[in-house]
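*Asks:* Can you keep this structure in mind? I'll have questions shortly.
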Amino acid sequence: MPRLPADAEIVVVDGGSTDGTVEVARRLRPDTVVVRQTRRGKGNALACGFAAVSGDIVVMFDADGSADPAEIERFVQSLLDGADFAKGSRFVGDGGSSDITRLRRQGNRLLSLLVNALLRHQFTDLCYGYNAFWAYCLPALDLHPGEPGGEWQWGDGFEIETIINIRAVRTGLKVVEVPSFERPRMHGVSNLNAVSDGLRVLRTILVEAVRPTAPRRLRMTEFRRRATRLRLAMPEAPAPVPAAPIPRKPVSVDRTAAQVPAPVAPPMARREPA
């Protein structure tokens with residue numbers, strides 16, 4: 001936390017941990033905003049944190065020490081250069097990882113290829129949680145913390161990064177990848193299971209890639225986008241264009257019949273009356 005920007009709003013989501021996370025955060029940064037998680041899971045924690053932000057730019061990363069706060073500057077610069085969503089990637093530029101296993105790397109690669117084929121995008125690192133985006137993108141992501149003590153909901157688990165990335169593309173946001181290096185965890189053991197969570201991400205891809213996008217999400221995102229750019233005196237950029245929905249059934253078109261004109265019968269000779 002001492003390496004985080006001094007003028008940043010720090011939001012810590014408390015999932016009921018007993019390791020003194022909240023106390024340490026408040027000691028290092030007395031201005032830390034602590035949010036109590038309403039359900040369980042990483043996805044719900046992010047939804048709770050997003051609902052509490054008050055700034056124009058949101059930067060999300062895990063609190064296990066694997067993310068380098070010094071990279072925040074390059075994420076923010078990508079947004080200032082015109083991106084709506086800056087997606088961290090360990091597999092472009094000077095990015096990398098000293099924590100990912102071979103199984104997780106291969107699984108991430110296959111899942112990224114699947115999403116790219118379905119959405120016609122170019123993700124290189126689908127399952128990575130270091131991202132930054134303008135706060136006006138939140139309606140497009142459509143994540144809700146819900147009431148405390150509620151039941152498990154869609155997106156509450158490790159599949160949350162996949163949901164966020166797919167919805168960003170499906171709603172037409174300009175997504176750019178930013179090189180990022182993942183360091184070893186400073187404390188604790190990951191709860192990620194490469195097989196079970198990988199299958200959950202696969203199911204998420206198949207559902208989210210064809211789920212219709214509510215028009216209200218597009219309208220609200222565009223309204224907030226224009227308001228933010230006007231308030232910050234930023235040059236106007238083209239409005240987001242939603243990605244075309246993927247048809248559930250292939251449509252066959254007979255181009256030959258459409259291009260060849262129908263035969264025209266010759267005029268009949270007119271017989272004069274006798």
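The values are calculated or read from the model by the stated rules, or taken from the named source; none is laboratory data. None of these values were measured; they are calculated from a predicted model. So basically every Cβ, Gly included, is an ideal-geometry build from the backbone, and we count neighbours across all protein chains shown.
*Asks:* Among the helices (runs of 4 or more DSSP H) contained in region 19-136, which hold 3 or more residues that are surrounded by fewer than 17 Cβ atoms within 10 Å (Cβ to Cβ)?
*Replies:* Counting at least 3 such residues, we get 21-28, 72-80, 102-119.
*Asks:* Suppose we keep only residues that are among the aliphatic types (A, V, I, L, M) and part of a loop (DSSP other than H, G, I, E, B) within region 192-229. Which one would you say is nearest to R104 (Cα to Cα)?
*Replies:* Step by step, filter region 192-229, then rank; the result is L192.
*Asks:* Among (1) part of a loop (DSSP other than H, G, I, E, B); (2) closer than 16 Å to V175 by Cβ, there is one condition A140 misses while meeting the rest; what is its number?
*Replies:* Answer for A140: the failing condition is (1).
*Asks:* How many residues does region 95-143 contain that are modelled with pLDDT under 95 and acidic (D, E)?
*Replies:* Count: 1.
*Asks:* Sticking with this structure for a sec: Would you check which residues across region 51-86 are within 16 Å of the chain's Cα centre (by Cα) and under 26 Å from V189 (Cβ atoms) and list them?
*Replies:* V59, M60, F61, D62
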